[in-house]
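Working notes, beginning with the structure itself.
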Amino acid sequence: MKRLRPLLLVGVFLTGCPSAAPTTTPEENVETLTDPPGAPSEVADGRLNCLGQAATTGSAGALELTGYVRTLADPDGLQPVPAATVEAFTPDGTSLGSAGVDVTKRGRVSLSVPVKATGFDGYAVASYAGYLNWRLQSSRPKVTTDVDGWAFLATQAEIDARASAVGVTTAVGTGLLVGAVHDCDGFGVANAVVIVGTQTVRYIEGFDVAASRNFTSSTGRFVVANVPPGAVTVKAFGRLKAGGPLTLLSSAQVTVTAGAMSAIDLAPRPAAQ
C-alpha cells in the first residue's frame, strides 16, 4: 500500500540558527553554506538520488492535485472537518479552478488543473471562514497525480497562543511561513539547515518546536514567524557526504501574505537550479 506523504504540518513554532554566508563550490557550481552555530555533523538523511537531475516532465493535459484539509485542533480529522475550499493558481495568480473538500472523507480534496508537459508550478490556497488562509507551493513542478499531503487550518488565536508559549509575539501585518525539506519520494529530510533571508528559523518535532534543534528532524519541518509580506527566498542545505560541506538541497522563492500561512515543499533541486 502506498504511504501517504506528510507534507507541511503547522505546529507550535518558532528558534533556530542564524544565517551564514553562502559560497559556491567551483567544481560543482553548487551553492554551499558556511557552518552556522549548531550545524549538524550528520549527512542529510533522505533518498536524494534525484538531486541535481533534470526536472521530470509529465504529460500535457490535466493533473489532479490531491490531499486533505483539516484543522490544527483536529489533525487526524476525527471530528467533522470544515467544508473548506481549495483553489489552484498559476504562478502569476490566474485561477485554475476550485474544489470543496469532502467532509465525509475526513477532508479529502481533489482538484483537476490544466498543465503542460512541464507540470504544475503554481500554488494552491485552502480557505474557510474564521481560519487563516493556507497557501501552498512546491519548489519543483508537480508532474504526477498523488497525495500532496495535508493543509492544517488554524485560527489567529491558535497561532498567537502557540507563539506566546515559546516566547514569541506575533506582529500584525506579517505572515507565517511553514515548510518541510523533502526527498525524492516526498518524505522528510533530517539534518538540513534552512535559511530564510535573515529571519529566525525554528524546527518542528511533531506539532511542537524543539528549542534545542538547529536543523531539521526526520519530518524535515520548519517554521518562521513574523515574515514581512512579499517575496522571500527559502533555501535548504545538507551534507551529501560525511565531512562534506552543507550543500544546497533545494531553493524556492515564496510569496508571503500578511495574516495568512504560506507553506513550501522544498523538494530536491533540479539540475538547472
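The values are calculated or read from the model by the stated rules, or taken from the named source; none is laboratory data. Because the structure is predicted, anything quoted here is derived from the model rather than measured. Counting neighbours? That spans all protein chains shown, and the Cβs are built from the backbone with ideal geometry, glycine included.
Residue pairs whose Cβ atoms lie under 6 Å apart, separated by 6 or more positions or on different chains, with the first residue in the stretch 59-87 and farther than 19 Å from ALA263 by Cα and the second part of a loop (DSSP other than H, G, I, E, B) and of a type in the set (Phe, Trp, Tyr), are PRO82/TYR128. Being of a type in the set (S, T, N, Q), more than 12 Å from the chain's Cα centre (by Cα) and within 18 Å of ALA151 (Cβ to Cβ) is a property that does not hold for THR219.
Condition check ((1) at pLDDT 95 or above; (2) crowded, with 18+ Cβ neighbours inside 10 Å; (3) not in a loop (DSSP other than H, G, I, E, B)) across all residues:
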position	(1), (2), (3)
LEU65	no, yes, yes
TYR68	no, yes, yes
LEU78	no, no, no
ALA83	yes, no, no
VAL86	yes, yes, yes
ASP92	no, no, no
SER98	yes, no, yes
LEU111	no, yes, yes
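Give the residue that is surrounded by the most Cβ atoms within 10 Å (Cβ to Cβ), with candidates limited to residues of the stretch 159-213 that are among the charged types (D, E, K, R) and in contact with a Gly (Cβ under 6 Å, 6 or more places away or on another chain). Among them, the one singled out is ARG202.
For residues that are of a type in the set (S, T, N, Q) and without any contact (Cβ under 8 Å) to a residue 24 or more places away in the chain, tally how many sit in the stretch 88-116. Walk me through it before giving the result.
Narrowing the stretch 88-116 to residues of a type in the set (S, T, N, Q): 90, 94-95, 98, 104, 110, 112.
From what is left, the residues that are without any contact (Cβ under 8 Å) to a residue 24 or more places away in the chain are 94-95, 98, 104.
Residues that pass the stated criteria total 4.
Here LEU136 fits the description: modelled with pLDDT of 90 or more, in a strand (DSSP E or B) and of a type outside the set (Gly, Ala, Ser).
You will find that of ASP160, ASP121, ASP185, the residue that is acidic (Asp, Glu) and under 15 Å from ILE264 (Cβ atoms) is ASP121 and no other.
Name every residue in the stretch 135-155 that is exposed (fewer than 14 other Cβ atoms within 10 Å of the Cβ) and farther than 12 Å from PHE120 by Cα, in order of residue number.
First, pick out the residues of the stretch 135-155 that are exposed (fewer than 14 other Cβ atoms within 10 Å of the Cβ): 144.
Passing the criteria: none in range.
Among the residues of the stretch 49-74, those identified as of a type outside the set (Val, Ile, Thr) and under 17 Å from the mean Cα position of the chain (by Cα) are LEU65, GLY67, TYR68, ARG70, LEU72.
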